[in-house]
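Q: Sending over a structure as structure tokens; questions will come in a sec.
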Amino acid sequence: MPCTRCFRAKRTCRMAEGAKTCQGCKNLKRPCDGLVVASSLKRLSDQRQEWEAKEEQASDALLGLHEKLARVQAEVAEAAGRLSRIRAIRKKVKERHVETFSRGMQELEEDDVLPALDAHESGVVGDLQFQGVENNPDWASFGIGEEFADLGPLLGDSQLVSSGGS
């Protein structure tokens, strides 16, 4: 292994057996690091392998985190899509509810429904009169509950006059 001085000068570095300096450093009367270079090379090689192993571990950890992040992002995207669908469906249900309620109210307000209800009421009143129920009955005596006790008379004053007082 050439010493630093010989390596930089691009000369061959020759160590004599048992000597601690190379021939070039001996001639220049300079310290020689030829023996140190060999041990440094071993130490640096070990350090390089250690750092390569650490780099591999860090790379694997980063890859694992990246995969985990991708899974979490996919779950977030799925949850966001589900939330979006739920909100769209909820909005449609609300719109249909409002529309259906409006149609129901409109139907009740139309002239066709009210006369039908009036006719049904007249039929029920006629049936009750046919059964002999007086005009101002005690509704509680029929056993229909206290909540119906204030139903009032079968026929209002205007109906009594038009029906001939029957």
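Each reported figure results from applying straightforward, stated rules to the coordinates on display, with no laboratory input. Quantities reported herein were computed from a predicted structural model and do not represent experimental measurements. For neighbour counting, all protein chains shown are included, and Cβ atoms are generated from backbone atoms with ideal geometry for every residue, glycine included.
Q: Based on DSSP H runs of at least 4 residues, each adding -39500 (n - 2.57), what is the mean residue ellipticity at 222 nm of the chain after dividing by all its residues, to the nearest 500 deg cm²/dmol?
A: Numbers: 5 runs with 112 residues, N = 166.
-23500 deg cm²/dmol, from helical runs alone.
Q: For each of V133, V125, count neighbouring Cβ atoms within 10 Å of the residue's Cβ, then give the residues from fewest to most. Before the final figure, lay out each step's value.
A: Numbers: V133 14, V125 17.
Starting with the residue having the fewest Cβ neighbours, the order is V133, V125.
Q: I've got another one for you. Putting +1 on Lys and Arg Cβ atoms and -1 on Asp and Glu Cβ atoms, find which of L154, G126, S59 reaches farthest to the positive end of the dipole of the chain.
A: About the Cα centre, the residue reaching furthest to the positive side is S59.
Q: OK, next. I want the local charge near L154. Using Cβ-Cβ distances under 11 Å, sum +1 for each Lys or Arg and -1 for each Asp or Glu among the other residues.
A: Cβ neighbours under 11 Å give a net charge of -3.
Q: How large is the dipole of the chain about the Cα centre if only Lys and Arg carry +1 and Asp and Glu carry -1, each at its Cβ, rounded to the nearest 20 debye? Mind dumping the intermediate values first?
A: Values: 24 positive and 27 negative charges, 1087 e Å.
The calculated dipole for the chain is roughly 5220 debye.
Q: What is the Cα coordinate range of segment 33-107 on the first, second and third principal axes, sorted by size from largest, in whole angstrom?
A: 107, 14, 6
Q: Give me M15, M105 sorted ascending by neighbouring Cβ count inside 10 Å, so fewest comes first.
A: Result, fewest neighbours first: M105, M15.
Q: What number do you get for the chain when its Cα radius of gyration is normalised by 2.2 N^0.38 Å, N = residues?
A: Rg over 2.2 N^0.38 Å, computed on Cα atoms: 3.44.
Q: Kindly rank 71-80, 24-33 from highest to lowest mean number of other beta carbons found within 10 Å of each residue.
A: 24-33, 71-80
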